[in-house]
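No value in this document is a laboratory result; all are computed from the given coordinates. Given the structure is predicted, the values throughout are model-derived calculations rather than measurements. Positions of Cβ are generated from backbone atoms using ideal geometry, with glycine treated the same way; all protein chains shown enter the neighbour counts.
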Amino acid sequence: MQRGVMQRVFLRTLAIAFLVQSTGYGQSLGEVARANRDKQNAEDASPTAKPRVITNKDLPKDPNPSPAPSQAQPVASAATSSKDADRLSAERHLAEQRLAEQRLVEQRLAQQRAADQWKRQILTQKNKMANLQARIDQLRASMRPANSSVQYESLPYSRDQARQLQRVAQVQQQLDEQKRKLAEMQEAARHAGMHTAVYDP
């Protein structure tokens, strides 16, 4: 047992001797630290020194931070594109509105032209009928003598009167045909959506 204790003491003594020898052979610990510090300062001062890495901790805090360019640019471009989209939408809406107004004006003009055309045709037809009626009245008036009486009118017709009656019948037939045409025209105008003032002026 004493032998084991002796071995431990020997080993400790040997370790201390080795430690003293190593520090005595070279430099003391303080000298080694000083040499390392001087070497580090020399490296920092030399032009071939490695660049110093600066982190966020080394930077001072900005009281009014501005957004980073990478963030500000997308926000600005998004705002610009939104304004452009709004402007294009407003221009498109205005163009559609103008086109609708132009179509409405053209439609009204077309309706007015159609109404004028119907009215003109119907008035022309009525003038034809009025002329035929005036012709009939004239023929009938020419068949009576100036001082005719009821008794004279009941007498048989002369040859001239018979011819006049035949002419009256022919003109009356034309008048009836024109009346039929007028009725057809008025019905067509009514179906076309024309107002009463157009198809029955």
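If the segment from ARG167 to THR55 were pulled out straight at 0.36 nm per residue, it would be longer than the present Cα-Cα gap by 28.1 nm.
Fewest first, what order do ILE136, ILE16 take by the number of other Cβ atoms within 10 Å?
Lowest count first: ILE16, ILE136.
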